[in-house]
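Heads up, the thing below is written out as structure tokens.
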Amino acid sequence: MGVSERKKREFAQRETDILNCAIELFRTKHPSLVKMDDIAKHLEIGRGTIYLHFKSKDDLMARIQYEDYVRLRERLEKAFEEKTAIDMSRRAIRAYIDHCLGDKHMYLVAKQCGVNLNIDNVSEDMRKMLTDERSNRLSLLEKIYKQAKNENLINSRGTYPNVAVAWGMIRGAVEVILDGHFQNEIKSEKAYLETIEHVLFFGLFSGGNKGET
């Protein structure tokens, strides 16, 4: 291995170490309370070394959020192994819930990073990566929606109103678990997940207004 190649690998490894260290610190302390000096101290490197990799702490937090979004998209993509819109939707719902609850701490760290970062302090390249990744996720949801529409399963309210409401319902149901609401009342996670699917697909009330489109 040449010197140039070795330096590139060392640089990439150090960047990974910085990200992993930041995530571990954010697991125990709110991101707003962690300074770049804290990360540098834990890694026994100079603070200036961190800035060779990340423009600012906001840039670092944006990268953590971005990589979490990539992991989510990769899970969602597996929904397209299914043949029908209903099965795709079920697979996507489970993928999202597994992503959030499979590693609750990582999900909360990424969420806190997104909420607390100042986008103006994020590099242009990182902002573009976040924007592109959001478009990629929306594209996946659009494909499931269009499949459902082709199967005559969707109302006429439009793509994004339907997608936004469905996403909001699922995310809210996940937050209920993460925030500890109804922790004494919800005895079975499996039954809870089935209820999420039922309410999403068939509504809260039995019967409902079947004449609505």
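The values are calculated or read from the model by the stated rules, or taken from the named source; none is laboratory data. What you are looking at is a predicted structure, and each value in this text was computed from that prediction instead of being measured. Heads up, the Cβs are rebuilt from the backbone with ideal geometry, glycines too, and the neighbour counts pull from every protein chain shown. Surface areas here come from the heavy atoms of the whole protein model, side chains and all, with no ligands, DNA or RNA. Shrake-Rupley method; radii C 1.70, N 1.55, O 1.52, S 1.80 Å.
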### Query
In Å², what does the accessible area per residue of the chain work out to with a 1.4 Å probe?
62 Å²
### Task
Could you give the spread of the C-alpha atoms of the chain along their three principal axes, from largest to smallest, in whole angstroms?
67, 41, 34
### Task
Over the stretch 35-129, consider all pairs of different Cα atoms and compute the Kirkwood hydrodynamic radius from their mean reciprocal separation; express it in Å, one decimal.
15.1 Å
### Whichever aspartates and glutamates have a C-alpha closer than 14 Å to that of K111, once near sequence neighbours (fewer than 8 apart) are set aside
D58, E67, D68, D103, E175, D179
## Note on the structure
Around K78 (Cβ within 14 Å, Cβ-to-Cβ, excluding K78; K/R +1, D/E -1) the net charge comes to +3
### Task
Compute the long axis of helix 159-178 from its Cα atoms, compare it with the longest principal axis of the Cα atoms of the chain, and write down the angle in degrees, 0 to 90, nearest 10.
70 degrees
### Task
Using only Cα atoms, tell me the angle between helix 3-28 and the longest principal axis of the chain; keep it within 0 to 90° and round to the nearest 10.
60 degrees
## Note on the structure
Links exceeding 26 Å between C-alpha atoms in this model, out of K143/K187; K29/K57; K78/K149, come to K143/K187
#### Entry: Most mobile listed residue (N150, N118, N136) in the chain, GNM with C-alpha springs under 10 Å
N150
### Query
For the stretch 58-99, what Kirkwood radius comes out of the mean inverse Cα-Cα distance, in Å?
11.0 Å
### Query
When the Cα centres of the stretch 125-161 and the stretch 50-119 are compared, how far apart do they sit, in Å?
16 Å
### Query
When the helix-only estimate is applied to the chain (DSSP H runs of n ≥ 4, each -39,500 (n - 2.57), divided by the residue count), what is the mean residue ellipticity at 222 nm, nearest 500 deg cm²/dmol?
-23500 deg cm²/dmol
### Task
For the stretch 18-94, with all protein chains present and a 1.4 Å probe, just round the carbon and sulfur fraction of the accessible area to a whole percent.
47 percent
